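Down below is the structure, laid out as structure tokens.
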Amino acid sequence: MKIEIARNVSFTLLILFFASFFVQSSAQELKSPEAFLGYAMGDRLTPHHRVTEYLVHVADHSNRVEIEYYGQTYGGRKLLVAYVSAPGNLDRLEEIRTNNLRRAGLMEGSSTNLPDKALVWLSYNVHGNEISATEASLFTLYDLARDDHPHSGDWLKDTVVIIDPLLNPDGRDRYVNWYHQVSGRNPDPYPSSREHIEPWPNARTNYYQFDLNRDWAWQTQIETQQRMALYHSWMPHIHADFHEMGIDAPYYFAPAAEPFHESITDWQREFQTTIGENHIRYFDENFRVYFTRERFDLFYPSYGDTYPTYNGAIGMTYEQAGNTRGGLAVITAEGDTLTFERRILNQHVVGMSTVEVTARHYERVAEEFYRFFQQGETQPYSPWKTYIISGENNPDIMELLTSYLDSWDIRYGRAPSGRHLQAYDYQSMETRRLDLQETDLIISAYQPKSLLLNVLFEPQTTIVDSLTYDITAWSVPYAMGLKAFASEQRTEPAGNWPMNTPETDFSEAPDKPYAYISTWESKQDAFFLSQLLQNGIRVRTASKPFRLSGDDTTYERGSLIITRRGNERHGPRFDDIVRDLAVELNRNVKAATTGFVESGLDFGSPGVNRIAAPRVGLLSGRGVNPNNFGEIWHFLDRQIEYPVSIFEHSRIDLADLTDFDILIFPEGNYVNHISDTERENIARWVHNGGRIITFGNSVSGLHDSLPSLEKRPEPETEPIEERQNRLIRYEDRQRDNASDLITGSIYYVNLDNSHPLAYGYPDFYYTLKRGSDAYIFIEDGANIGTLQHGAHRAGFEGHRVKNHILDTVVFGTQSFGSGQIIYLNDNPLFRAFWHNGALIFSNALFMTGS
């Protein structure tokens, strides 16, 4: 028999939520988290493997719960969800899933006559050090699963709840393991004690230091890819994402703050408020402090609230005070002690409240969800009715694009030939006549995923408020560097789009060609080069375009030339290595019978330079931006699989720099941690031929030892404007300060593509600028990527800064002795979704030293 002990809280429905916390049961019965784990709520942190064990226990002992493993992390930890509903619903779970997709028009076939069920997805702990979320998920699961809860059985009759208790197991275990090693028998609430100060890089991020809550749309990380495959197979109606924020903040829940993206529907706004009002009822009854409609907006499309919203759901963020400094107890600025137990209780309240209010309105929730997609098919909200992606784009980029479209469930096809329409050109920003080609890819806005399509592809985002939480531009054609157009005229695809992937065919090639030739146009080409170099193949690159006799192809600068001469040590394996890699990586490699070219430089020319396999070091440690460090590490380790040695910057004295050709300095403020002796050693190493790749001019602190870029001074304020600024109301000052900001905007960069840093590009590049820092042209170096008049393409740009950044350098190089410093002032690897920049970084690695 179960015995329930109520906590000392007011006698409201809240007691019914929490009476379960001290349940004592036999081994044969469903146990509460406390009984199963062996400690009371808030006494300890639960590691990933114990979370998993508890979900298995609940599924084994409740007929309301099933679990599904859907993948594993980079660190090898399992990812799983629990499905919670009435037993009869679980028996027909697959039918409920497919009915939902079919009624939304997202799956072919007819739905059955099974009544609609509301689908609620609760996501916990996407940030590893926001620890109350996962703990709360266990208590929410228990209260939904147990038969003697007074209300959950009724809620689950018409609702399926999907609980993902731990989106970021690698990050959470990094925090849990650290905290248990630095805390004593009793928690120390003093906020500056060591158990409240996480070491670098902290546990917010995943294995590769990516923020998984910025990856929902881009799906660059394996955890996100696996989760989104499951998410899209369900398409929930309600999605709540549980977080934590600073220790002094109250609780936050919906409705969200402005700016809302203009595409968000009236129903989505309305029901957010309905859900928030239900939370308010419980928080008011117990005098819990909270806020709404501030700070957390619904704009950037790759959050755990916005991406579900743009996919028809009611997407919401919930934020509890705590975060990295919360521990088990911490003294806040008001002198209050914030306990782990209180944090868990608050998260549990809103989780249960979300299920309750959804169940109360389940029919309307499902009805509005289906209407969302039906309207997309008949009345797209955006003026843009068709997107055209030119078939002239590189096949690798087109394959990447279609893989994204497939993952988003956005439909596309080939263009009808012989048609023309008026279309906006993303590059020139002009509207002109466009003659469609059969090789062009067409995306019609008349489809269920119309809203998501327009949010991701619209040339310019409409910003209703300059004070936003993240970047303000992300348009896919710019992010991928695509030749693309948008039209206000409707054009439907004429059929399936045929992927124009060049076939790798050596059937007619000579057994022993003079050389092999491969293009240099994409990240996949860099991957091919990486594998060649690691197999000991010597590769050369062309510094000028060339053509072979009898071949119509013009090979641009950067093209890879793999000559037999210089690779004799491989003997007969030389051809096998090159051909096998070309086939495996689907590279269109040509076999040349001669080193003589029809135009350009012969293969033996001094202008056809050897690419030496660089030995690469990457700095890490306190002060380094962990996200940028992770972007670089992930690119090398996972995307092109090139070896890298990682050093703690304050202990770089342990490394013999002569063993390395390149040192990468990520964004951050940390060079002051490098000793004077090591600064001199680094300068000597560069002078003797070493190369530094610096992100965001992070080496500026070494200016006493090395050259660095000069920042353009901030623009002077006109006397009249200065006087006016002194009279700005206090409440308006934050908004006025936005006039000096660039909040993640897209710019057109003029490129000198004759320089190795810009090989493989046209004479322009689209950059994502995330700040107003501007650097004047390099006097004694190469200004390879520059911002000039008319550069702005999309996103928020403060009026006081727009002229400040013109005639400045984005990418450049500077010699120092025999070595070189390569400046990447805008991050070309941002969140791994700015695919347009991958070749810039690859050039910095492989081409600038050739």
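Just so it is clear, none of the values below were taken in a lab; they were calculated from the coordinates. This one's a predicted model, so the numbers in the text were calculated from it and none came from an experiment. Cβ placement follows ideal geometry from the backbone for every residue including glycine, while neighbour counts extend to all protein chains displayed.
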Provide, for q = 0.18, 0.20 Å⁻¹, the log10 of I(q)/I(0) from a solvent-free Debye sum over equal Cα point scatterers in segment 225-315.
-> -0.85, -1.01
Residue separation between SER111 and GLU680 times 0.36 nm, minus their alpha-carbon distance, gives in nm 197.7 nm
May I ask for the distance between the Cα centers of segment 451-523 and segment 828-850, given as a whole number of Å?
-> 17
19 Å reach of a label modelled at SER407, 7 Å along Cα-to-Cβ, counting backbone N of segment 190-208 | 205-208
What 222 nm value per residue comes from the helices of the chain, counting each DSSP H run with n ≥ 4 as -39,500 (n - 2.57) and dividing by all residues, nearest 500 deg cm²/dmol?
-> -8500 deg cm²/dmol
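Return the inverse of the average 1/r over all pairs of distinct C-alpha atoms in segment 426-557, which is the Kirkwood hydrodynamic radius, in Å to one decimal.
Working: mean 1/r = 0.0511 Å⁻¹.
This gives a value of 19.6 Å.
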Solution diffusion estimate, µm²/s, Stokes-Einstein, segment 135-234, Kirkwood Rh from C-alpha pairs, 10 °C, viscosity 1.306 mPa s | 96
Between segment 308-368 and segment 125-193, how many Å separate their Cα centres?
-> 11
Work from the charge dipole of the chain (Cβ charges, +1 for Lys and Arg, -1 for Asp and Glu, about the Cα centre) and give the residue of SER772, ALA844, GLN272 farthest towards its positive end.
-> ALA844
For LYS31, list the lysines whose Cα falls under 22 Å from its own Cα; do not include residues on the same chain fewer than 8 positions away.
-> LYS2
Here the residues of segment 147-191 lying in the modelled label zone of TYR39, meaning backbone nitrogen under 18 Å from a point 7 Å along Cα-to-Cβ, are 172-190
Which aspartates and glutamates does LYS385 reach when only Cα atoms under 20 Å apart count, and residues fewer than 8 places away in its own chain are ignored?
-> GLU262, GLU377, ASP406, ASP409, ASP425, GLU430, ASP435, GLU438, ASP440, GLU458, GLU488, GLU492
Qualifying lysines (Cα of each under 23 Å from Cα of LYS590; at least 8 residues distant if same chain) = LYS512, LYS523, LYS544
For HIS232 and TYR514, what does the FRET efficiency come to when R0 = 45 Å and r is the distance between their Cβ atoms, rounded to the nearest 0.05?
-> 0.35
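If you take the Cα Rg of the chain and divide it by 2.2 N^0.38 Å, with N the number of residues, what do you get?
The reported ratio for this selection is 1.01.
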Provide the gained length on full extension for the span GLN225 to HIS703, in nm with one decimal, where the gain is 0.36 nm per separating residue minus the Cα-Cα distance.
-> 167.9 nm
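Can you tell me which of 484-493, 558-567 comes out highest on packing, and rank the rest after it, using the mean Cβ neighbours within 10 Å?
The densest-packed peptide leads the list: 558-567, 484-493.
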Shape call, segment 635-704: gyration tensor on alpha carbons, a/c limit 1.5 = prolate
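Any chance you could run the full-extension gain for ARG638 through GLU270? It's 0.36 nm times the residue separation minus the Cα-Cα distance, nm to one decimal.
On the way: separation 368, 0.36 × 368 = 132.48 nm, distance 4.27 nm.
Stretched out fully, the ARG638 to GLU270 stretch lengthens by 128.2 nm.
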Can you pull the one-decimal nm distance between simple spin-label points at THR504 and ASP425, each 7 Å off the Cα toward Cβ?
-> 3.6
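Could you tell me what percent of the DSSP beta bridges with both partners in the chain are antiparallel, to the nearest 5?
For the chain, the DSSP antiparallel bridge percentage is about 65.
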Under the definition of Cα pairs under 8 Å and six or more residues apart, what whole-number percent is the relative contact order of the chain?
-> 10
Compactness of segment 214-258, expressed as Rg and Dmax over alpha-carbon positions, Å = 13.9, 39
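As an exercise, use a Förster radius of 45 Å and the Cβ-Cβ distance of ASP780 and ASP248 to find the FRET efficiency, rounded to the nearest 0.05.
Efficiency at R0 = 45 Å is approximately 0.35.
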Calculated FRET efficiency for the pair ARG194/HIS49, C-beta based, R₀ 25 Å, to 0.05 = 0.45
